[in-house]
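**Q** The structure follows.
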Amino acid sequence: MPVRVLCAAAAFACLLSSCAGKPPSEGGSLKSAFAAGNATGPLQTKDDAKSPVALTPAAWGRMSNPRGLAGRDLTVTSLSDIKLRDKEVVLTFDDGPVPKKTERILATLDDFHVKATFLMVGEMAKAYPKIARQVVDAGHTIGSHTFRHADLRKLAVDEAIAEINRGRDAVRAATRTDANFFRFPYLSDSGTLRHWVAQNRMVVLDVQIDSKDYFGVSPAAVATRTMADLRRHGRGIILMHDIHNRTASMLPALLTQLKAEGYKVVSLRYGGQRGPLLSAAAAQDAAFNRS
Ligand SMILES: [Zn+2]
């Protein structure tokens, strides 16, 4: 067995035997949370445990036997096509990409052999195109989330559309994909804008389970709350953000628990018409670049 795995296994045993230090503020442990028949206890993540040897996502993945969490590919052309069965979830990450955090999340998803959808903010994709491209290369699905994370309901319709277009263009340029999914920042939408998005070859992604990982709580609290909300719904699209360390920290525990409770991670794919469909500004740029 490689040394790294041995060290990780020792640290994991230490965690289980409560020798890793104080329990997280919410109480409970990974052992109690994962014990058979106890599916509702608080989750503990490696950052909460103050483990003497930090577990890598890979080590967590190996020890929790991650295979089997990946579910089916679901090809959709509109929101109404997203019909999840009981115990099916879609993982979504908004607001990135951002150095280190997005990469940590990619490593964990890879360890668990699952695919997610990343709704990128245009200016972030423009700032970090290499990371945006890494997300694509890892096989994840791409969407946009406006250019500057604007609250679109507070803008005039034409301004809101310009924000959406600019964001999508930036994500497309960085990822070299069509970026056919879209999420409204703050989930602040309107019937007019939803219709416009659907008419422009994008699928709006709503949210059933909000991890609320933007609150300043421990990683364990995020994972525990997300699982509790999911159990109430039984299925759904989970909203997370790849710009927070706590999200990257809690993800191995969340995915381990999802698998333990028999959930499957569904991978969304866009099945509609592809093609340039550039915004007016992007079409102008393209024409300029050709001339
Ligand atoms: Zn957002």
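**Q** Once you put a point 7 Å from the Cα of S78 and another 7 Å from the Cα of R133, both along the Cβ direction, what distance in nm separates them?
**A** 3.7
**Q** Please report E163, E123, E88 as a ranked list, fewest other C-beta atoms within 10 angstrom at the top and most at the bottom.
**A** In increasing order of surrounding Cβ atoms, one gets E123, E88, E163.
**Q** Rank G143, P185, Q208 by how far each Cα sits towards the positive end of the charge dipole of the range 139-221 (+1 on Lys, Arg Cβ; -1 on Asp, Glu Cβ) and give me just the farthest.
**A** Value computed over the given set: G143.
**Q** Could I ask something else about it? Using the basic label-point model (7 angstrom from Cα toward the beta carbon), what is the R232 to K100 distance in nanometres?
**A** 3.4
**Q** Given K101/K154; K87/K115; K115/K212, which pairs have Cα atoms separated by over 24 Å? Write down the numbers at each step before the final one.
**A** Working: K101/K154 30 Å; K87/K115 16 Å; K115/K212 21 Å.
Check vs 24 Å cut-off fails for K101/K154.
**Q** Rank the residues V203, V157, V76 as a footprinting-exposure proxy: fewest other Cβ atoms within 10 Å of their Cβ go first. Show your work: numbers first, answer last.
**A** Working: V203 23, V157 12, V76 18.
Sorted ascending by nearby Cβ count, the order is V157, V76, V203.
**Q** Out of residues 5 or more away from I237 or on other chains, whose amide H comes under 5 Å of its own, with H placed 1.01 Å from N in the peptide plane?
**A** Long-range HN contacts for I237: V90, Q208, I209.
**Q** A further question follows. Report the charge-dipole magnitude of the range 73-215 in Debye, nearest 20, computed about the Cα centre from +1 at each Lys and Arg Cβ and -1 at each Asp and Glu Cβ.
**A** For the range 73-215, the charge dipole is close to 260 debye.
**Q** Calculate the FRET efficiency for Y186 and R67 from the Cβ-Cβ distance with a Förster distance of 51 Å, rounded to the nearest 0.05.
**A** With a Förster radius of 51 Å, E is 0.90.
**Q** Using a 10 Å cut-off around each Cβ, can you sort S249, S80, S267 from fewest to most neighbouring Cβ atoms?
**A** Lowest to highest Cβ neighbour count: S80, S267, S249.
**Q** Follow-up question, since we're still on this one. So for the range 99-159, what percent of the C-alpha to C-alpha distances run longer than 18 Å?
**A** 40
Throughout, read-outs are computed from the coordinates displayed, never taken from laboratory work. In this text the structure is predicted, and so the values were computed from the model without any measurement. Heads up, the Cβs are rebuilt from the backbone with ideal geometry, glycines too, and the neighbour counts pull from every protein chain shown.
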